[in-house]
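As structure tokens, the structure follows; a few thoughts come after it.
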Amino acid sequence: EKTGKVLGEFCRCYKEQYGVALFNSVRYEIEGNGGPQAQLLHRKVPLEDHVIYSGNIFQYIEDNKKWRNRFCVVPHNYGLVLYENKLAYERELPPRVLVNSAGYKVLTSVDQYLELVNNSLPGVTSKSGHSPILKCPTDFPLILWHPYARHYYFCVMTGKEQDKWRAVFQDCVRHCNNGISEDSKVEAPAFTDAVRMYRQSKEQYGTWDMLCGNEIQVLSNLVMEELLPELRSTIGPRLKGKAPERQRTWIQISDAVYRMVYEQTQAQYDAAMARCEQERPQLESTIRTDMDQIITSKEHLASKIRAFVLPKAEVCVRNHVQPYISSILEALMTPTSQGFAEVREVFFKEVTDMNMNVVNEGGLEKLVEYMEKLSHLAFHPVKMQSCYEKMDQLKLEGLQQRFDVSSTSVFKQRAQIHMRQQMDDAVHTFETLLHQELGKLQGKDDLCKSIQRILERVLKKFDYDSSTVRKKFFREALLQITIPFLLKKLAPTCKGELAKFQELIFEDFASFILVENTYEEVVLQSVMKDIMQAVKEAAVQRKHNLYRDSMVMHNSDPNLHLLGEGIPIDWGEEYPGQPEPEPAGQGDRRRRAKQVVSVIQDDEGALPYEMGTEALLQPRSPEPRELQDPAVPPSSPDGVKEIREALAQESLGVNVPPEPSLHHAAPASPKARADVPAEVPHVTPASSPAPGAEGAGTACHQPSDQETGEGVTPPGPPQPTGTTESGEGVQTEF
């Protein structure tokens, strides 16, 4: 009943917003928009035929209350897939668990988890002396917590493993949260605007943490947000047993309800989508025929609303928003710019290390080996972690309460996704330019100089694109923070008067012009000038390495974007070292699948396949931390200056002794990178080349049903629904 009621109201909002989004899309297609042109190339399918990570991890099985060793695979779409063991994966046996991690939080402490569980069922708290809901046999747990769906419990044996798995899990959450495709120019904006309008109709303004996952998941979260408090008050007092048992039962009930809501939501949303798609040709025909009249009608409506709203909005902006814009911007800029600077540093260091190793170890074969690894640097959760961690510093403090920002996680994840995209664009541009040069090179000296030259060229492009992306991010974040606040402030005096403007819209154009949307555009205009001015002043100061708006790079490298349109580069296929036999079957293809992150156990020693609970529950001493005297310099030239000097010596013909330690070194930790001197001296806009590249939107894969467990049907007789695990069953998660 609750799902039907919520979806009925939402679908009405969606139908209205669909017409507006379709009009905006057609208008943009006709009129265009001359925004800054991206300098870096954009890869369309970055992770085709790749596995992000696979390795062994212990999972807690709730049915028999035992820990079991599982083989976990993270495919290219970032679903978590757990198999009985590695052999089961290679033999294509059905997985035991499939998880889409959208909406989950990754916890590394049982205390953190118990606090969230206690808050989820008020009045039920485990007393001291009682066994808690979860006991972890090691000091290194990894818990996936969700406010509505079931929870997943894992643990590993060492702190180093925990850090790597945490980085992998967080990357999965980050990717799956971004589940609404940005390639859709009509459906995506119509959906997000409909969600916002629905929540505002319930007096819920501000950011929403559960706007994560695909459309069905977001709508399920919307229903559960209203349904769960009612269920809690009805069912909570009737739960029996000790506190841990009641908490465990409540988690199972919430998960079962969430699944029911998900199934009903999917059916109703799909039906609404089908109706809109059926009407689209007629709507689009009307738009193209009457475009000028629709624009004129909308401008007339906007002028009337502006005359009524703008004076009140400007007073509100002047008194309640304008004084805080610079504070919000500074809070956003510091961690974001540090994160992008770290992306630049990691890219520079990886390419420079590769250059040194290719020179020392010999030629093209080594280059191919390193380029295969470098080409997916952006999707290496461990190497990118030092960049992502910079956003953890984002704090809005008192501003968060003033502007009704429930959490900063929305902004953190958005900035982190931009970082990953910029890293991949830089790597793709570098490998494309290097691939073009390879046929012209003579010997290792030419190769070394060419790599260094291309690196500096790509870094200039990165600086320009990074500035453009960050400025856009800052503007959008400021609008996300201030607009809901203004709408809430103006609602008592303005919202009730909007109905009288409806008569200004011609009936034929009512599908494309909405009073509510036009009102919000007027409110946006009231604050947009202040936001643009604040970002412009920040760029003039150059405190955070931002280019001025007047600095435009275009048409200086007209052939570069043509390279990006070619067939994707496969270094192993084009420059094979040793011929490999063709795989005989799918199992062999799986064994030979390229993996972005090296297996943890190669560094740590293999985990036992099956370890009894008794052995795991033996008390373990905490893992000793390796201490390093800060006064002792590192054994390899990690500093930018030292690396540049070494490259300069090599290019001049000076014999450089091979450094095998550099080739075998583990990825630099965030702490190690903190010891690196200041990044490469900034290239001023005047000295930057201005190659052109055709920009493209961020490509975003949605997890497939098979890999995330949405509607997975294992072979054999039909299985009962739910999340129980048996010898034949499959745990599924949305």
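The values are calculated or read from the model by the stated rules, or taken from the named source; none is laboratory data. Source: prediction; values computed, not measured. Cβ sites come from the backbone with ideal geometry, for glycine too, and all protein chains shown count toward neighbours. Calculation scope for accessible area: heavy atoms of the full protein, side chains included, ligands and nucleic acids excluded. Shrake-Rupley method; radii C 1.70, N 1.55, O 1.52, S 1.80 Å.
A few notes on this one:
- Matching residues in the range 76-94 - criterion: being part of a loop (DSSP other than H, G, I, E, B) and open to solvent by less than 10 Å² (accessible area, probe 1.4 Å): ASN77, TYR78, GLY79
- Screening the range 380-475 for helices (runs of 4 or more DSSP H) wholly inside it with 1 or more residues that are modelled with pLDDT under 90 returns the ranges 398-402, 409-437.
- Tally of residues being hydroxyl-bearing (Ser, Thr, Tyr), in contact with a Phe, Trp or Tyr (Cβ under 9 Å, 6 or more places away or on another chain) and open to solvent by 20 Å² or more (accessible area, probe 1.4 Å) across the range 467-512: 2
- Breaking point among (1) open to solvent by 40 Å² or more (accessible area, probe 1.4 Å); (2) assigned to a helix (DSSP H, G or I); (3) farther than 30 Å from THR286 by Cβ, for GLY4: (1)
Residue by residue, here is whether (1) of a type in the set (A, V, I, L, M); (2) farther than 28 Å from GLN541 by Cα holds:
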residue	(1), (2)
ALA302	yes, yes
ARG306	no, yes
LYS312	no, yes
ASN319	no, no
PRO323	no, no
MET333	yes, no
THR336	no, no
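- Qualifying residue in the range 37-47 (condition: modelled with pLDDT under 95, open to solvent by 50 Å² or more (accessible area, probe 1.4 Å), in contact with a strand residue (DSSP E or B) (Cβ under 7 Å, 6 or more places away or on another chain) and within 30 Å of ALA188 (Cα to Cα)): no
Residues are listed down the side, and each one gets a yes or a no for (1) in contact (Cβ under 8 Å) with a residue 60 or more places away in the chain; (2) open to solvent by 20 Å² or more (accessible area, probe 1.4 Å); (3) polar (S, T, N, Q); (4) out of contact with any strand residue (DSSP E or B) (no Cβ under 6 Å at 6 or more places or on another chain):
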position: ALA313; (1), (2), (3), (4): yes, no, no, yes
position: ARG318; (1), (2), (3), (4): no, yes, no, yes
position: PHE348; (1), (2), (3), (4): yes, no, no, yes
position: ASN360; (1), (2), (3), (4): yes, yes, yes, yes
position: PRO381; (1), (2), (3), (4): yes, no, no, yes
position: SER386; (1), (2), (3), (4): yes, no, yes, yes
position: ASP392; (1), (2), (3), (4): no, yes, no, yes
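- Qualifying residue in the range 493-511 (condition: modelled with pLDDT of 95 or more, assigned to a loop (DSSP other than H, G, I, E, B) and not small (Gly, Ala, Ser)): no
- Scanning the range 101-113 for residues that are open to solvent by 40 Å² or more (accessible area, probe 1.4 Å) and part of a helix (DSSP H, G or I) yields a count of 2.
- Qualifying residue in the range 220-237 (condition: at pLDDT 95 or above, in a helix (DSSP H, G or I), small (Gly, Ala, Ser) and surrounded by 15 or more Cβ atoms within 10 Å (Cβ to Cβ)): yes
- Flag for THR518 being over 30 Å from LYS366 (Cβ atoms) and at pLDDT 95 or above: yes
- Among (1) under 17 Å from VAL261 (Cα atoms); (2) of a type in the set (Asp, Glu); (3) at pLDDT below 95 - the single one ASP209 does not satisfy: (1)
- Condition met for GLU299 (closer than 30 Å to TYR148 by Cβ, without any contact (Cβ under 8 Å) to a residue 40 or more places away in the chain and in a helix (DSSP H, G or I)): no
- Residues in the range 184-219 that are among the hydroxyl-bearing types (Ser, Thr, Tyr) and within 27 Å of LYS488 (Cβ to Cβ) were compared, and the one that is most open to solvent (accessible area, probe 1.4 Å) is SER201.
- Flag if VAL45 is in a strand (DSSP E or B), under 30 Å from HIS428 (Cβ atoms) and within 20 Å of the chain's Cα centre (by Cα): no
- Any chance TYR113 is at pLDDT 95 or above and over 15 Å from PRO381 (Cβ atoms): no
- Taking each residue of the range 257-272 that is closer than 10 Å to ILE216 by Cα and looking for partners that are buried (at least 18 other Cβ atoms within 10 Å of the Cβ) and acidic (Asp, Glu) with beta-carbon atoms closer than 7 Å, six or more apart or interchain, yields TYR269/GLU215.
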